[in-house]
């Protein structure tokens, strides 16, 4: 470990301070604002985001209401957005 926070740690810390758009965060990472992070590190971060996002959608669906009716659609939309971010910021991962 090189002393840098993981992208997950960094994102969590920043998101606690203010609302943080995922794409804006990745843009800042790509610009090197917190040092250099590899495509593999970005890909691993996006893997975690994908797992958490899908889990959150499923949890909301269990609550019923509109989320239950559109859970599949919401999950597909979220995963498509994450795929696009992966292609842009972590191609090949």
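Throughout, read-outs are computed from the coordinates displayed, never taken from laboratory work. Keep in mind that this is a model prediction, so the values were computed, not measured. No Cβ is skipped: glycine too gets one built from the backbone with ideal geometry, and neighbour counts run over all protein chains shown.
Some notes on this structure:
- MRE, 222 nm, helices only [DSSP H, n ≥ 4, -39500 (n - 2.57), over the chain, to nearest 500]: -25000 deg cm²/dmol
- Distance in nm between pseudo-label sites at residue 76 and residue 4 (7 Å out along the Cβ direction from Cα): 3.7 nm
- Overall form of the chain per C-alpha gyration tensor (a/c, 1.5; a/b vs b/c): prolate
- Pair residue 24, residue 12: separation of 7 Å Cα→Cβ label points (nm): 2.2 nm
- Centre separation in Å (Cα based) which lies between segment 2-23 and segment 33-69: 14 Å
- Take every pair of alpha-carbon atoms less than 8 Å apart whose residues are at least six positions apart; their mean separation over the length of segment 21-89 yields a relative contact order of 33 percent.
- Folded to 0 to 90 degrees: helix 39-62 orientation relative to the chain principal axis, Cα: 20 degrees
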